[in-house]
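Novice: The structure is given below, and queries will be raised subsequently.
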Amino acid sequence: TQLLEQSPQFLSIQEGENLTVYCNSSSVFSSLQWYRQEPGEGPVLLVTVVTGGEVKKLKRLTFQFGDARKDSSLHITAAQPGDTGLYLCAGVLTSGGSNYKLTFGKGTLLTVNP
Amino acid sequence: EAGVAQSPRYKIIEKRQSVAFWCNPISGHATLYWYQQILGQGPKLLIQFQNNGVVDDSQLPKDRFSAERLKGVDSTLKIQPAKLEDSAVYLCASRSPFDWGGSSDTQYFGPGTRLTVL
């Protein structure tokens, strides 16, 4: 069983602060995805990282994939209350075509207080 | 483009009762997934369909859970009989065949059905 461990599990910060959440695995994945889930909704994809060492930026969010493609981090700069939500990382396993599966971590529940 | 639709959004039942959830994927999406998300955890894959065939149901508790996608479009997930530990959000997701292998290859999730078993 391939497991993804996320840390911290809970994070409560003030508006304007920076934060980093981590996603670690003992296994190598084809790629890794980060999702954000709001209460009462399904997860929404933020980014997919594929290449070891890859860095992607999405406005105030910076995503990094480890060189060995086993770990990833999400850094948020100047957090805003609208960033509040459950951040999930998911390892992608695929052998092409229809064989495409996600293994999710438990998530980091972020609360940004005004 | 309409998203993945699920119903009902909420369901409360007594243990040992039966319940069914319905999912309508994004039009043209051949791959459909059902996930179980227990409070405080990430989604766990229950079953994956490709058109109307099952690709992976290795984590589906087959003694009480069943799922079908008869015409390769809509899908239903059933629990019979329900147990207290089945309380969770059941998420449906679909995937486009046109994005396979590309950087945009992803699953699109519905809003989920929140099941409470009393």
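The values are calculated or read from the model by the stated rules, or taken from the named source; none is laboratory data. All values derive from a computational prediction rather than experimental measurement. As a convention, Cβ positions derive from the backbone with ideal geometry for all residues, glycine included, and neighbour counts pool all protein chains shown. SASA here: full protein model, heavy atoms, side chains in, ligands and nucleic acids out. Shrake-Rupley method; radii C 1.70, N 1.55, O 1.52, S 1.80 Å.
Novice: Considering only protein heavy atoms and a probe of 1.4 Å, how much of the accessible area of the protein assembly as shown is carbon and sulfur, as a whole percent?
Specialist: Heavy-atom surface of the protein assembly as shown belonging to carbon and sulfur, 1.4 Å probe: 51 percent.
Novice: Still on this model: Go through A:Asn99, A:Ser31, A:Val21 and say which Cα lies farthest out towards the positive end of the charge dipole of the stretch A:17-106; charges sit on Cβ, +1 for Lys and Arg, -1 for Asp and Glu.
Specialist: Of the listed residues, the answer is A:Asn99.
Novice: Probe radius 1.4 Å, ligands and nucleic acids left out: which of B:Val117, B:Val55 has the largest accessible area, and how do the rest follow?
Specialist: Per-residue accessible area, sorted high to low, gives B:Val55, B:Val117.
Novice: Work from the charge dipole of the stretch B:1-57 (Cβ charges, +1 for Lys and Arg, -1 for Asp and Glu, about the Cα centre) and give the residue of B:Trp34, B:Ala20, B:Phe49 farthest towards its positive end.
Specialist: Highest projection toward the positive end goes to B:Ala20.
Novice: Another question, if that's okay. To the nearest 20 debye, what charge dipole does the stretch B:26-118 have about its Cα centre, counting +1 at the Cβ of each Lys and Arg and -1 at the Cβ of each Asp and Glu?
Specialist: Taking the Cα centre of the stretch B:26-118 as origin, the dipole is about 200 debye.
Novice: Expressed as a whole percent, how much of the Cα-Cα distance distribution for the protein assembly as shown exceeds 27 Å? Let's see the in-between values first.
Specialist: Values: 9170 of 26796 pairs.
So the portion of pairs separated by more than 27 Å is 34 percent.
Novice: For the stretch A:1-50, count all C-alpha to C-alpha pairs, find those more than 14 Å apart, and express that count as a whole percent of the total.
Specialist: 67
Novice: OK, next. How about A:Lys101: which aspartates and glutamates have a C-alpha closer than 16 Å to its C-alpha, ignoring those fewer than 8 places off in the same chain?
Specialist: Partners within reach: B:Asp56, B:Asp57, B:Asp99, B:Asp105.
Novice: Okay, moving on. Interface A/B, total buried accessible area with a 1.4 Å probe, nearest 100 Å²?
Specialist: 1700
Novice: Short version: what are the Cα gyration tensor semi-axes of chain A, square root of 5 times each eigenvalue, largest first, in whole Å?
Specialist: 24, 15, 12
Novice: A further question follows. Out of the DSSP beta bridges found with both residues in chain A, what percent are antiparallel (nearest 5)?
Specialist: Values: 40 of 45 bridges.
Expressed as a percentage, antiparallel bridges in chain A total about 90.
Novice: In Å, what Kirkwood hydrodynamic radius results for chain B from the alpha-carbon pair distances?
Specialist: Kirkwood radius, chain B: 14.3 Å.
Novice: Which listed residue (A:Phe63, B:Leu70, A:Gln6) has the Cα farthest towards the positive end of the charge dipole for the protein assembly as shown, taking +1 on Lys and Arg C-beta and -1 on Asp and Glu C-beta about the Cα centre?
Specialist: My answer, from the dipole projection, is B:Leu70.
Novice: Here's a follow-up. Give the lysines reachable from A:Lys56 as a straight Cα distance under 21 Å; neighbours fewer than 8 places away on the same chain don't count.
Specialist: In chain and number order, the partners are A:Lys70.
Novice: Please list, or write none, the lysines whose alpha carbon is within less than 16 Å of the alpha carbon of B:Lys11, excluding same-chain residues fewer than 8 places away.
Specialist: Straight-line reach from B:Lys11, under 16 Å: B:Lys78, B:Lys83.
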